[in-house]
Amino acid sequence: MTSPSSPVQSPVAHTRVLRRMVGRDIHETNRVSTPLELLFDLTFVVAVAAVSSQLHHAVGEHHLAVGMLAYCTGFAAIWWAWMNFTWFASAYDTDDSIYRLWTMVQMVGVLILASGMPKVAEGDFIAVTIGYAVMRIPPVSNCCETTS
C-alpha cells in the first residue's frame, strides 16, 4: 500500500517513456510502418539522391571510374546503416520515447552523411565519417543500457 504523500505512477505512462526491449511477436500480422520509420526512410532517400547526383556529375565530366568508386563507397555506407536500423526495428518493436529520440539522432547522422557526399569524389570522407559515427551512437548506447 502506498502512503498518501507518495505519487502513484500509472503503468501506461511508464511504458510510453521507457519500455523493456523484447523481440517482436513473430506471429504478428499486418504490421505497418510508423510515421517515424517512414520519415527515417525518407532521410535515406535524400542520402541516396546525394550520392547519385555526384555519380551523375562525374559521368557528365567523363570521370566514370572516380564517380563509380565514390558512388559505391558512399552507397555502401548508406545501405549498411539503413540495413542495421531496419533489422533492429524489425526485430525489436520498441516504440518508446528513448527509441524515438535515438531514431531522430540517427536521422541527423544520415543527413550529415548525405551532406558530405559531394566531397567523397575528392577523397574527403570527413563529413561522411562523422555522419556514420553519429548514426552508430544510438545502437551502441541501446546495447549498453540496462533495465530492471
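The values are calculated or read from the model by the stated rules, or taken from the named source; none is laboratory data. The structure displayed is predicted, hence computed values, not measured ones. As a convention, Cβ positions derive from the backbone with ideal geometry for all residues, glycine included, and neighbour counts pool all protein chains shown. Just so you know, the surface numbers come from the protein's heavy atoms only, side chains and all, with ligands and any DNA or RNA stripped out. Shrake-Rupley method; radii C 1.70, N 1.55, O 1.52, S 1.80 Å.
Given the criteria modelled with pLDDT under 90 and farther than 24 Å from Pro139 by Cβ, does Val32 qualify?
Numbers: modelled with pLDDT under 90: yes; farther than 24 Å from Pro139 by Cβ: no.
Judged against the criteria, Val32 is not a match.
Counting only residues that are open to solvent by less than 80 Å² (accessible area, probe 1.4 Å) and over 22 Å from Leu36 (Cα atoms), the range 69-94 holds 7 of them. Of all the listed residues (Tyr132, Tyr92), the sole one being in contact (Cβ under 8 Å) with a residue 12 or more places away in the chain, of a type in the set (Ser, Thr, Tyr) and in contact with a strand residue (DSSP E or B) (Cβ under 8 Å, 6 or more places away or on another chain) is Tyr92. Please tell me if Leu55 is at pLDDT 90 or above, buried (at least 16 other Cβ atoms within 10 Å of the Cβ) and either among the aliphatic types (A, V, I, L, M) or in a helix (DSSP H, G or I) (or both). So Leu55 fits the description; yes. Starting from residues that are open to solvent by less than 90 Å² (accessible area, probe 1.4 Å) and either in a loop (DSSP other than H, G, I, E, B) or among the acidic types (Asp, Glu) (or both), keep the ones in the range 3-24 and report whichever is modelled with the lowest pLDDT. Among them, the one singled out is Ser10. Scan the range 95-121 for residues that are open to solvent by 10 Å² or more (accessible area, probe 1.4 Å), in contact (Cβ under 8 Å) with a residue 24 or more places away in the chain, closer than 14 Å to Ala133 by Cβ and β-branched (Val, Ile, Thr) and the total you get is 2.
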